[in-house]
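Engineer: Quick one: the structure is below, and I'll ask about it shortly.
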Amino acid sequence: MKFSTISCLALLASPFVAMAAPMPQSTDVADFGATTAAAPLGPGAAASAASKASKASKASKAKKAAQAAAAAKAAAAKTTTAKPAAPAKAGTAKTGTAAKAGTTKATAASGIPTSAELVAAANAWRADTMKVSHYLNIASTLTGQALKSAAAAANVAEKDELIHKAVIDRHPISKTAAVVAANNMLVTEGHFQAVVDALTDVTSKGTASKDTPPVINANRCPNVLFAIDAYLRAANTAAGGNQVANPAAVRPVACGGPQQ
C-alpha cells in the first residue's frame, strides 16, 4: 500500500491531537455533595423546619412575658412596703417654736409674780391713783371740751389700775384676809366700777355733769382708796418690805390723806 507524504504526516500527528482535546467533565463525590446541599428541601422537610421555628419563637415570647411579669410584681411589692415620707422638719420646728413661745407667755401670765414685779405693779397702781385724784382736784375749774378730755384721761388711768391689781392677785399674798376684804370692796361690792361709770358720764356729758366729781369722791375716798391701800401694803410686804416708797393711794384734796 502506498501512502502519500501528506497521509503519513496526518497519521503521525493524530495522537497529539487527541491529547490536546478537552476531556469530558466527571461527576465525583464532592460535586455530588455540593449539588445535593444546594438542592431545595422537599415539602415534608420544609414543614418540619417551619414548625420548629414557630415553637422556638413562642417559647422566647413566653419567657420574656414571664420576666416582665416578675419585674412588675417586684416593683409593686417595693412600692407597697415603702415607708411614708417624714414631715418637713422646718415646718415642725417652726410650729414647735410658736407653741413653745405661746406656752412660755401663758406661764408667765399665770405664774407667781417676782418681788420686782410686785413692786412695779404697786408703784404703777399708785401713780394711776394720782392721775385720777388730780382730775378730781381740778374738775370744778373746767368746762366744755376741756372737762371732757380731762375726765377721759382720768378714766383711762382708772381702768389701768385693774392691770396692776391683777399682778398682785396672782401672788399668794392675795389670799390673806386684808387683801380678800379689799377685793370684795373693789369688785364684789362694785365700788371700783362706780368710779369708772361716773368718769364715763363726765366724758360724754361734760359741764352738764358738773356735780359728778363730788359724787366720785364720796365713794372713792372711804371705799376705793382704802382698799387700794391694803393691796399696796400687801405687795410691799411680799416683796420684802420697804420696797414701795409710799404704799398708799394718792388722795384728792377733798379726801385728805397723802396728796402725792
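The values are calculated or read from the model by the stated rules, or taken from the named source; none is laboratory data. What you see is a predicted model, and the numbers here were worked out from it, not measured in a lab. When we count neighbours, we look across all protein chains shown, and the Cβ atoms used for this are built from the backbone with ideal geometry, even at glycine. Note: accessible area is taken over every heavy atom of the protein model, side chains too, but ligands, DNA and RNA are not part of it. Shrake-Rupley method; radii C 1.70, N 1.55, O 1.52, S 1.80 Å.
Engineer: So for S115, S133, what's the accessible-area order with a 1.4 Å probe, most first?
Structural biologist: S115, S133
Engineer: So how much slack lies between S149 and N246, counting 0.36 nm per residue of separation and subtracting their Cα-Cα distance, in nm? Can you show the working numbers first?
Structural biologist: Working: separation 97, 0.36 × 97 = 34.92 nm, distance 2.90 nm.
Value of the extension gain: 32.0 nm.
Engineer: I'd like the accessible area for S209, computed on protein heavy atoms only with a 1.4 Å probe and all protein chains in place. Round to 10 Å², please.
Structural biologist: For S209, the solvent-accessible surface is approximately 10 Å².
Engineer: A further question follows. Using only the heavy atoms of the protein chains and a 1.4 Å probe, how would R233, R220 rank by accessible area, largest first? All intermediate terms of the calculation are to be shown ahead of the outcome.
Structural biologist: Working: R233 125, R220 0 Å².
The most accessible residue leads, giving R233, R220.
Engineer: Excluding ligands, DNA and RNA, what is the solvent-accessible area per residue of the stretch 150-194 at a probe of 1.4 Å, expressed in Å²?
Structural biologist: Using a 1.4 Å probe on heavy atoms only, each residue of the stretch 150-194 averages 48 Å².
Engineer: Here is a further query. With a cut-off of 8 Å between alpha carbons and a minimum separation of six or more residues, what is the relative contact order of the stretch 145-260 in percent?
Structural biologist: Result for the stretch 145-260 is 27 percent.
Engineer: Cα gyration tensor of the stretch 138-260, axes a ≥ b ≥ c as square roots of the eigenvalues: rounded (a/c below 1.5), prolate (a/b > b/c) or oblate?
Structural biologist: It comes out prolate by the Cα gyration axes.
Engineer: If you add up the charges near A249, with Lys and Arg at +1 and Asp and Glu at -1, over every other residue whose beta carbon is less than 10 angstrom from its beta carbon, what do you get?
Structural biologist: Here the charged neighbours net out to 0.
Engineer: Sticking with this structure for a sec: In nm, give the distance between the simple-model label positions of A116 and K205, each being 7 Å from the Cα along the Cα-to-Cβ direction.
Structural biologist: In this crude spin-label approximation the distance works out to 4.7 nm.
Engineer: What is the sum of charges, Lys and Arg at +1 and Asp and Glu at -1, for the other residues whose Cβ falls under 14 Å from the Cβ of I112?
Structural biologist: 0
Engineer: Using a simple spin-label model with points 7 Å from Cα along the Cα→Cβ vector, what separation in nm is obtained for Q193 and V156?
Structural biologist: Output for this residue pair reads 2.5 nm.
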